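Computed from the coordinates by the stated procedures, all read-outs in this text should not be read as laboratory data. Since the structure is predicted, the reported quantities are computational estimates derived from the model, not experimental observations. All Cβ positions, glycine included, derive from the backbone under ideal geometry; neighbour counts span all protein chains shown.
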Amino acid sequence: MNKYYLFFGNLANPLKIEIISALKEKDMSVLELTKKLNTEQSKLSHALTSLKHCSIVNDKKEGKKRIYSLNRETILPMLQIIDKHEHKFCGKCRALESRNK
């Protein structure tokens, strides 16, 4: 399977994007993410496992909890580039989107 398909497939999932956005703010446990995203723990755990397999998120054990964080080497810089791109170039996209509503 194409590596881009696998990678961007993870980023195309709404729950996974919510997880990534939440972890951009701060590292969190499954319980914290469940509360913040108002989703079932089983769905969240499945999504985290997929993100972890692609090294989009990392986890570390703290006592009985697992704390999840974004991959700071590659994913966090990529998100910063996306934010910069959106700020500089996506005004036309937003205008088209609001016109089509």
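For T39 and D83, a Förster radius of 25 Å and the Cβ-Cβ distance give a FRET efficiency of 0.55, rounded to the nearest 0.05.
Of the GluC sites (Glu not before Pro) found in the stretch 48-97, those in coil by DSSP whose Cβ has at most 16 other Cβ atoms within 10 Å are E73.
Over 32 Å between C-alpha atoms is what I'm after, so list which of K52/K92; K64/K88; K36/K61; K36/K84 land there.
Details: K52/K92 34 Å; K64/K88 43 Å; K36/K61 20 Å; K36/K84 26 Å.
Over 32 Å apart, Cα to Cα: K52/K92; K64/K88.
Taking the longest Cα principal axis of the chain as reference, the axis of helix 41-53 is set at about 80 degrees.
Cα axis of helix 14-25 to longest principal axis of the chain: angle in degrees, 0 to 90, nearest 10? Between helix and principal axis, roughly 80 degrees. Kindly state, to the nearest 0.05, the FRET efficiency for A12 paired with K60, given R0 = 25 Å and r defined as their beta-carbon distance. Working from the Cβ atoms, E equals 0.40. Close amide H contacts of R66 (hydrogens built in the peptide plane, cut-off under 5 Å, sequence separation of 5 or more or a different chain): V30.
Taking label positions 7 Å along the Cα-Cβ direction at both K92 and S29, the computed distance is 4.8 nm, reported to one decimal.
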